[in-house]
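Asks: First the structure, which I've put down as structure tokens, then a few questions once you've had a look.
The values are calculated or read from the model by the stated rules, or taken from the named source; none is laboratory data. Because the structure is predicted, anything quoted here is derived from the model rather than measured. With ideal geometry, Cβ positions are generated from the backbone for all residues, glycine too; neighbour counts draw on all protein chains shown.
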Amino acid sequence: MEFKHIPVLLNETIDGLNIKKDGIYVDGTIGGANHSKKIIEKLSAQGFLIGIDRDEEALKAAEENLKGYNNFKLIHGNHDNIKEILEDIGIEKVDGILLDLGVSSYQLDEKSRGFSYIGDNKLDMRMDKTQKISAYDVVNKYKEEKLAEIIYKYGEDRFSRKIAKSICNERQKKPIETTKELTEIIEKVIPFSKDGHPAKRTFQAIRIEVNNEIEPLYNTILDCINLLKDGGRLCTITFHSLEDRAVKEAYIEAQGKCTCPKDLPYCVCGSKTLGKIINKKPIEASEEELKMNSRAKSAKLRIFERREKNNKN
């Protein structure tokens, strides 16, 4: 299947990065490079782009999309290791970083990857096919209590215990090997509702667990901010509340809290800050974009600017 991914909040993200033509930029979740192509179009020959992705198929698509340019480097890796990745290629600071979190349209639509509850495919859900743990391992090897915990925590599903119990009962008869088998187990115990398919939240939870998407995110955001040059920006796009909460909390921590009177132009209280949050409320997709891409409905863009000077403004 051709790697296709409709970029979400594309113009808003490019504007948010405030791109400098000779700057160094990192797309930590490059996917098919749709955001990155817009970034690189704004760069001069002296500018440089680093694209990181766990999915080797995404990197192949990115390379194809960026053919004709030579001022970029693609790296198979995890954005959670961005500090080490940049150290390995001799880069200390960058002018901007983009993290477009969550699963890509391609990964959802390519049913053989096992991310979707639609179809009948092997339980996989690995963004990085080289990693060992897959959805099969989570579904068939986790204890009932642990399974219920991740469905509740990452899927925010109030039926988590009931789902976990049913999964464990069924896997005693035979291993649960396909997305269809898992979906049918959930459908038997959870009623359909206006909130969507009953398996939706469980599949999300298992995917997050398989790819460890939430636990490292807070520290990853802080690492990204620390890697920015003065005036550099981090743009983070999230797609569900758990991601957004981690990003928001990391931004608040990085901004710090000044206790000086508002009429003072400079901070004198000694509050430590790494910069400022550009948009207090997340930027969301316009009605026009939602008409073209319904998956943009839950997208939220948050922007942080690194500031090394102790300037309140």
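Asks: Out of all the residues in the range 144-164, which are touching a residue at least 24 places away in the same chain (Cβ under 8 Å) and not hydroxyl-bearing (Ser, Thr, Tyr)?
Replies: Within the range 144-164, GLU144, ILE150, ILE151, LYS153, GLY155, GLU156, ASP157, PHE159, LYS162, ILE163 meet the criteria.
Asks: Which of (1) touching a residue at least 60 places away in the same chain (Cβ under 8 Å); (2) more than 13 Å from GLY32 (Cα to Cα) does GLU87 not meet, given it meets every other one?
Replies: Against the list (1) touching a residue at least 60 places away in the same chain (Cβ under 8 Å); (2) more than 13 Å from GLY32 (Cα to Cα), GLU87 comes up short only on (1).
Asks: Now for a different question. Scan the range 41-56 residue by residue and report those that are of a type in the set (Gly, Ala, Ser), out of contact with any Gly (no Cβ under 8 Å at 6 or more places or on another chain) and over 24 Å from LEU101 (Cβ atoms).
Replies: Hits for the range 41-56 are SER44, ALA45.
Asks: Let me ask another. List the number of the failed condition for VAL138; all other conditions in (1) surrounded by 14 or more Cβ atoms within 10 Å (Cβ to Cβ); (2) over 18 Å from the mean Cα position of the chain (by Cα); (3) touching a residue at least 60 places away in the same chain (Cβ under 8 Å); (4) assigned by TED's automatic domain parsing to the domain that holds GLU284 hold.
Replies: (4)
Asks: Next up: Show the residue pairs that are 6+ apart or on different chains and have beta-carbon atoms under 7 Å apart, the first residue being within the range 275-299 and loosely packed, with under 14 Cβ neighbours inside 10 Å, the second being part of a loop (DSSP other than H, G, I, E, B).
Replies: Correct list of pairs: LYS297/ALA285.
Asks: Here's something else I'd like to know. Can you list residue pairs whose Cβ atoms sit under 7 Å apart, with the first residue in the range 239-266 being assigned by TED's automatic domain parsing to the domain that holds CYS224 and the second being aromatic (Phe, Trp, Tyr)? Count only pairs 6 or more apart in sequence or on different chains.
Replies: Final answer for the pair search is LEU242/TYR154; ALA246/TYR218; GLU249/TYR218; ALA250/TYR218; TYR251/PHE304; ALA254/PHE304.
Asks: Look through ILE91, ILE52, ILE85, ILE40 and report the one residue that is part of a loop (DSSP other than H, G, I, E, B), farther than 30 Å from GLY196 by Cα and outside the structural domain of GLU181 (by TED's automatic domain parsing).
Replies: That would be ILE91, the only listed residue that is part of a loop (DSSP other than H, G, I, E, B), farther than 30 Å from GLY196 by Cα and outside the structural domain of GLU181 (by TED's automatic domain parsing).
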